Amino acid sequence: MAFDGETLDQKAAEQLNVEIIPGTEVMKDVGDVHFAHANGADSGSVLVPHPTNNPADPLNWSRLWKIATAVSQLLYVWVLVCSALSIAPMFPLLGADFHLGQQALSLLTGVNVLTLGFANILIVPLSNIFGRRPISIIAGFFVILTNIWQALATSHKSLLAARACNGIVAATSETIMVQVIADMFFLHERGFWMGTYFTFYFSGAFLGPIMSGNIAARHGWRSFFWLMTGLAAFVTLLLIVAFPETKWHRNSTNHAGSKKDSKEQSQVQERAVVSETNSETAAAGQPLGRGKPSKTQWMPVQKPDRRWLSFVVRDFTSPILVFFNPIVFWAALMLAGPADLLLIFNLTESGLFTSPAYGFGPGAVGYTNFAFFVGGIIGVCTAGPLSDWIARRATIKNNGIREAEMRLPALIPYVCFFIISHVAGAVGYQRLWPWPAIIVCGFAFSGLAVTAIPTIAIAYAVDCYKPISGEIMVVATVMKNVLGFCLSYWVFNVDATKGWVAVYMTQFAVSMLPVVLTIPLYFFGKSLRRWTKNSDLHRMEAMI
């Protein structure tokens, strides 16, 4: 079923006396214009974005196909993150084998984190040109090879190079799933799926160290990388059989469409939309919720557009332009703050808990990461539904008009836990608190924040600029990972001279800047969106 989003939004704006710009959506029937609803949408609500009448459109896929596609990609994300960010409990063993100090060991994580971020500058244009499916599968094969390299490394330089290469190919875990969410799911579903994505992503960083610490303690550190080799082979095979292409060409004139239609042409299009909607709704064969991937979507490589060179130029330059967008910049900082606090805990847990004050072994250090996992699960189970519920309540009070900023109040409880986790790290490390206090108030609360806060912030940015969901994650991951690399480089130097309070309070200052900026963003975010409503950013989707 095809919808002319611009025409319908213009009609809604006239009847409801509201300005419709990207990030502002009409979520109910208006006048004589009716919308189909399914897949969990409330009765009378609008499906945003509007699906086409093609059963192969990912928005029309059945719930089973959508879940199978999402789960295959989520498991892939989990394994890639697990292989990249799980070596901290093995630091004592790696240090003994290669005669390394704390700073050299932390660089094994830092260089991986750095390449993990910057590789997405290349991955996003490739996924837009050739598709999400082939890029994910090819990256999966290279993850297998880099894990074999890590398992066979015989020197610090070799292992460092393997870690850098692993970060490059594992970077698909940071952007492709966000693009898939924007491809397959409607606006009212994105909060949940964004939260699910961040849970799988960060649980790889949570549960991976538990596995690595215990496997290394019993069978040696190389065994962990052999395990990751097997898991990477499994999820790559899973993608081949269960992950069809989700990138879809839509020739719709929505917010990102042409602005040159005459009034007469708009009225003709509107009548056509109403007629098609009524007939399609009455049809028993309506594709919405009953579609499935076509044979073309299972092809190893999607045929690139003949304008691929212009896409490459655009995709290399657009992250730079997007970086200076205030909303995207804010969302990137909201991802970077919690993620980098988690990284500090990850880098320092082994040194703290294996010290004489606690006397933990590598296996016990690994088990402390269960706290991150439990906190992360609580975060994902609450953040997406809470932000969607708050936005829905605000939409009802606003006469069915949904503003993107309506998600933001859901951040309040998670920011409180985020602040407590900083204090627990600073004071708990400095004064050697009992380990349960550090693990619960520091590790668990940071795990809660690192899934909940980015879930809400990134979902808000995608609501505002859906066509550049991939570029949003490029900016966010580059910023997160550059800051993470800097942390891995200086954290132990600062501790040696000024103590743990200085380390965690520096991180606290960086993290609280975007948190404070959330207040003016809530009140003036629509003004920021209004300034960019005619930007080419909103027309990028039509080019892909």
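The values are calculated or read from the model by the stated rules, or taken from the named source; none is laboratory data. As the structure is a computational prediction, the values presented were derived from the model and not from experiment. Cβ sites come from the backbone with ideal geometry, for glycine too, and all protein chains shown count toward neighbours. Ligands, DNA and RNA are stripped out before the accessible areas are found, and what is left, the full protein with its side chains, is counted by its heavy atoms. Shrake-Rupley method; radii C 1.70, N 1.55, O 1.52, S 1.80 Å.
General remarks:
- Of all residue pairs spaced 6 or more apart or on separate chains, those with beta-carbon atoms under 7 Å, a first member in region 313-342 that is more than 16 Å from ALA452 (Cβ to Cβ) and a second member that is open to solvent by 10 Å² or more (accessible area, probe 1.4 Å) and assigned to a loop (DSSP other than H, G, I, E, B) are ASN325/THR532.
- Positions within region 352-367 being touching a residue at least 12 places away in the same chain (Cβ under 8 Å) and among the hydroxyl-bearing types (Ser, Thr, Tyr), in sequence order: THR354, TYR358, TYR367
- Set SER127, SER136, SER106, SER173: member being of a type in the set (S, T, N, Q), over 18 Å from the mean Cα position of the chain (by Cα) and assigned to a helix (DSSP H, G or I): SER106
- Residue in region 456-468 that is of a type outside the set (Phe, Trp, Tyr) and over 25 Å from MET27 (Cα atoms) present: no
- Looking only at residues in region 355-380 that are in contact with a Ser or Thr (Cβ under 7 Å, 6 or more places away or on another chain) and β-branched (Val, Ile, Thr), the one that is modelled with the lowest pLDDT is VAL380.
- A count restricted to region 88-103 and to residues that are within 17 Å of SER212 (Cβ to Cβ) and part of a helix (DSSP H, G or I) stands at 11.
- Qualifying helices (runs of 4 or more DSSP H) (wholly inside region 457-544; at least 1 residues being open to solvent by less than 10 Å² (accessible area, probe 1.4 Å), modelled with pLDDT under 75 and of a type in the set (Gly, Ala, Ser)): 469-498
- Matching option when the condition is buried (at least 16 other Cβ atoms within 10 Å of the Cβ) and either part of a loop (DSSP other than H, G, I, E, B) or at pLDDT 90 or above (or both), among LEU75, LEU8: LEU75
- Every residue from region 401-430 that is open to solvent by 10 Å² or more (accessible area, probe 1.4 Å) and farther than 24 Å from PRO326 by Cβ: PRO413, CYS416, PHE417, ILE420, VAL423, VAL427, GLN430
- Among residues of region 420-441 that are closer than 15 Å to SER511 by Cα and touching a residue at least 40 places away in the same chain (Cβ under 8 Å), those with a Cβ under 7 angstrom from a residue that is open to solvent by 10 Å² or more (accessible area, probe 1.4 Å) and among the β-branched types (Val, Ile, Thr), sequence gap 6+ or separate chain, pair up as ALA426/VAL501.
- The set of residues in region 151-195 being more than 30 Å from ALA461 (Cα to Cα) and open to solvent by less than 10 Å² (accessible area, probe 1.4 Å) consists of ALA151, ALA153, LEU159, ALA162, ARG163.
- Candidates ALA383, ALA331 - the one that is open to solvent by less than 20 Å² (accessible area, probe 1.4 Å), at pLDDT 90 or above, aliphatic (A, V, I, L, M) and under 17 Å from the mean Cα position of the chain (by Cα): ALA331
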